[in-house]
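Here is the structure we will look at, set down as structure tokens.
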Amino acid sequence: MRQQTIRKTVTLEGVGLHSGKRVKVSLSPAPADSGIVFRLGAGGEPIPAAPESVVDSHYATTIGHGSARIQTVEHLMAAAAGLDIDNLDVVVDGTEVPAMDGSAKPFVALLTAAGRTAQGARRRPVAITQSLRVGGGNRWIQIVPAPELRISYTLDNDHPAIGTQALSWVPTEQGFIEDYAPARTYGFLKDLGLMRKHGLALGGSLDNAIVVGKRGTLNGLRYRDEFVRHKVLDLIGDLALLGRPIVGHVIARNAGHAMNFELVVAIQHALGLERHAAAAVRLAPVREAVGDGGFSPAPAAV
């Protein structure tokens, strides 16, 4: 299968989930084997969407180079991975990719509108040859050898609106578009005040997140198990940091961005996929997030 990029430049504007500020993102075609590269402004230094560029994976996946930071890249990354788009040039006029409706659906629509074109270089899938596991207790994620990509995920939360949700899925483009891309980030209303005191979730609202109140959600659900579907969406976006499709069975229980990233680094090291950035980029210590990327510090909602 050939690598793909988009046919034309497309743009999208919205509010950052954590910054609360208006931001514009422009997606343009990129050469084969260049991967997905972000820039902070049109003249900004390139920030490859790669493990070496990750500077924080606490509430969201943040990449950076030098002093430049671009936060919450995971939904855009998931949309590109779900549509088999390998190479993109992404310019962000702001410090965060816009939240839009809290899902990957708007990014799927944007990329679809841009069209796709095959490139000369072939895709190079990464076949998992050994079992790798990170985390422990009731919070862990692992990958084992398998003939195709499969994702199995269990989410446990004692809130009555969530409970235990589990699924197992072999990704397809149509399945991604219909069943996972629209799944939104979520957060707990009781935690919103504390998050905002720390400068987080300043743009969070009923328009871009599922808000969970004391007894249930305040704005309804798109799927009965939308919470675990969003966890899978985030996982797809974080795994895309490897820059190559994965062949293996990913099994997760109550993981989150930080643990997803820990698995990405484990895969990278096990298979010798390390890439050397043009300049040294600090890797943030892997610490499990206390939120989903929305505004939830409840541990089991990560």
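The values are calculated or read from the model by the stated rules, or taken from the named source; none is laboratory data. Quick caveat: nothing in here was measured; it's all calculated off a predicted structure. Virtual Cβ from ideal backbone geometry, glycine too; neighbours counted across all protein chains shown. Heavy atoms of the whole protein, side chains included, go into the accessibility calculation; ligands, DNA and RNA do not. Shrake-Rupley method; radii C 1.70, N 1.55, O 1.52, S 1.80 Å.
Overview of results
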{"quantity": "Which numbered condition A114 fails, given (1) in contact with a Pro (Cβ under 9 Å, 6 or more places away or on another chain); (2) under 20 Å from S168 (Cβ atoms)", "calculated": "(2)"}
{"quantity": "Failed item, numbered, when T185 is tested on (1) within 17 Å of the chain's Cα centre (by Cα); (2) open to solvent by 10 Å² or more (accessible area, probe 1.4 Å); (3) under 16 Å from S103 (Cβ atoms); (4) not aromatic (F, W, Y)", "calculated": "(2)"}
{"quantity": "Set D84, D101, D89: member being closer than 30 Å to K24 by Cα and in a strand (DSSP E or B)", "calculated": "D89"}
{"quantity": "Matching entry among G120, G115 (being open to solvent by 30 Å² or more (accessible area, probe 1.4 Å) and more than 19 Å from the chain's Cα centre (by Cα))", "calculated": "G120"}
{"quantity": "All positions within segment 160-174 that are out of contact with any Ser or Thr (no Cβ under 6 Å at 6 or more places or on another chain) and modelled with pLDDT of 95 or more", "calculated": "I162, G163, T164, Q165, L167, W169, V170, P171, T172, E173, Q174"}
{"quantity": "Residue, most open to solvent (accessible area, probe 1.4 Å), within segment 70-81, restricted to residues that are of a type in the set (A, V, I, L, M, F, W, C) and in a helix (DSSP H, G or I)", "calculated": "A81"}
{"quantity": "Whichever residue in segment 164-182 is of a type outside the set (A, V, I, L, M, F, W, C) and assigned to a strand (DSSP E or B) and, among such residues, is farthest from the chain's Cα centre (by Cα)", "calculated": "T164"}
{"quantity": "Residue list for segment 57-80, filter: among the charged types (D, E, K, R) and either touching a His at 6+ places or on another chain (Cβ under 6 Å) or in contact (Cβ under 8 Å) with a residue 40 or more places away in the chain (or both)", "calculated": "E74"}
{"quantity": "Test: residue in segment 104-112 that is surrounded by fewer than 18 Cβ atoms within 10 Å (Cβ to Cβ), part of a loop (DSSP other than H, G, I, E, B) and not basic (K, R)", "calculated": "no"}
{"quantity": "Filter result for G66 (among the small types (G, A, S) and within 23 Å of V170 (Cα to Cα))", "calculated": "no"}
{"quantity": "Filtered residues of segment 214-246 (kept if assigned to a loop (DSSP other than H, G, I, E, B) and either open to solvent by less than 10 Å² (accessible area, probe 1.4 Å) or in contact with a Gly (Cβ under 6 Å, 6 or more places away or on another chain) (or both))", "calculated": "G243"}
{"quantity": "Among the candidates G163, G135, residue that is surrounded by fewer than 13 Cβ atoms within 10 Å (Cβ to Cβ) and not β-branched (V, I, T)", "calculated": "G163"}
